[in-house]
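A.B. asks: Before I ask anything, let me first share the structure, which is written out below as structure tokens.
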There are 2 protein chains.
Amino acid sequence: MPRPPATRDVFLAIAEPRRRDILSLLGRVGESGVGAIAVTLDMAQPAASKHLGVLREAGVVRVRRDGRQRLYSLQADRLRAVHEWTRTFERYWSSQTDRIKARAEQAAGPGPHAPETTP
Amino acid sequence: MPRPPATRDVFLAIAEPRRRDILSLLGRVGESGVGAIAVTLDMAQPAASKHLGVLREAGVVRVRRDGRQRLYSLQADRLRAVHEWTRTFERYWSSQTDRIKARAEQAAGPGPHAPETTP
DNA sequence: TTGACATATTCCAATATCAGAATATATTGT
DNA sequence: ACAATATATTCTGATATTGGAATATGTCAA
């Protein structure tokens with residue numbers, strides 16, 4: 001069978017480096033039009049527009065109309081979901097001693113902080 | 001021009017739901033062979049093997065040989081990178097008042113906690 | 001060595017994805 | 001209405017990705 005119709009979720013949205021650049025830029029400037037984004041990140045206008053489309057579909061950015069401009073800004077809740085998901089692995093990177101402790105924990109069965117299934 | 005040769009980084013690795021499932025499973029059980037993973041997550045053995053290959057190339061899992069088994073376990077440092085990157089947007093999801101405060105901050109120029117460019 | 005088991009690799013078909021060029025759709029100002 | 005500006009959409013070509021089937025590789029045990 002072919003590939004499943006890649007539903008457009010946050011993880012997919014941030015998998016593209018240019019899109020992460022866009023998000024970082026929006027984090028810095030707060031709000032920006034498509035043209036400014038394209039110029040700042042040195043990309044073609046259609047490329048910027050399309051990436052913003054993906055980000056919007058994923059619910060990571062918001063659009064606001066201002067005259068003939070479309071001002072994009074962050075909508076970070078979904079990014080928070082990613083943050084939370086990665087956080088479930090926290091005990092695996094803390095420190096050497098923590099890693100040993102974690103191994104002991106999981107040897108005694110899934111603890112209260114065991115990573116959960118995919119969102 | 002075509003697409004750039006998608007270098008296999010963490011963001012790309014975790015963009016696939018099944019791979020996130022694998023990571024979560026490894027987080028729960030600590031270490032597991034390919035067959036067990038395939039059975040538990042109800043996927044074909046080659047599929048599991050291939051996904052694990054991607055995760056390994058991305059440096060998110062480790063392999064250890066044990067007889068005829070290959071035991072995979074987490075190597076969470078790269079996941080931590082994702083955690084840190086999403087963390088740079090923290091001030092955008094904290095609360096309504098924080099969001100207003102953030103807007104005021106960025107109006108006065110990029111603050112000390114401004115999100116950085118892509119890793 | 002032979003056989004059974006565990007995992008990896010190769011090949012294939014169906015999509016998905018990206019950049020770039022050209023074009024279409026607003027929206028504002030004259 | 002017309003021109004200029006800002007953004008979105010459509011089309012195309014190259015490549016990447018995924019699952020599935022078949023096969024290869026590696027390892028233990030008798």
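The values are calculated or read from the model by the stated rules, or taken from the named source; none is laboratory data. All values derive from a computational prediction rather than experimental measurement. We place every Cβ from the backbone using ideal geometry, glycine too, and count neighbours over all the protein chains shown. Accessible surface is based on the protein model in full, side chains and every heavy atom, while ligands, DNA and RNA are left aside. Shrake-Rupley method; radii C 1.70, N 1.55, O 1.52, S 1.80 Å.
A.B. asks: Any idea what the A:Glu57 label distances to the other copies are, label 7 Å down the Cα→Cβ vector, nm, shortest first?
C.D. replies: With the label placed 7 Å along Cα→Cβ, A:Glu57 yields 2.4 nm.
A.B. asks: How much accessible area is lost when chains B and A come together, counting both sides, with a 1.4 Å probe, in Å² rounded to the nearest 100?
C.D. replies: For chain B against chain A, roughly 3400 Å² becomes buried.
A.B. asks: Still on this structure, please answer the following. With the solvent-accessible surface defined on protein heavy atoms using a 1.4 Å probe, which residues belonging to the range A:26-65 display a reduction of at least 10 Å² in accessible area in the multichain context relative to the isolated chain?
C.D. replies: Buried-area filter returns A:Gly27, A:Arg28, A:Val29, A:Gly30, A:Arg62.
A.B. asks: Please report, for B:Leu71, the nm distances (one decimal) from its label point, 7 Å out from Cα along the beta-carbon direction, to the equivalent points in the remaining copies, shortest first.
C.D. replies: 5.7
A.B. asks: Using a simple charge model, +1 on the beta-carbon of Lys and Arg, -1 on the beta-carbon of Asp and Glu, nothing else, what dipole does the range B:10-75 show about its Cα centre, in debye to the nearest 20?
C.D. replies: Dipole of the range B:10-75, to the nearest 20 debye: 180 debye.
A.B. asks: Hey, which residue of A has the C-beta nearest the axis mapping A onto B, and what's the distance in Å?
C.D. replies: A:Ala15, 2
A.B. asks: Residue-wise, which Karplus ³J(HN,Hα) couplings in Hz belong to the range A:38-45, taking 6.51 cos²θ - 1.76 cosθ + 1.60, θ = phi - 60°, and x for glycine or proline?
C.D. replies: 4, 5, 4, 9, 6, 9, 5, 4
A.B. asks: Separate question: Once Lys and Arg get +1 and Asp and Glu get -1 on their Cβ, which of B:Leu12, B:Tyr72, B:Leu26 lies farthest toward the positive end of the dipole of the range B:10-75?
C.D. replies: Checked the options; the winner is B:Tyr72.
A.B. asks: Taking the range A:10-79, which trypsin sites (Lys or Arg not before Pro) meet the DSSP loop condition and have no more than 14 other C-beta atoms within 10 Å?
C.D. replies: Those that pass, being in a loop and sparsely packed, are A:Arg68.
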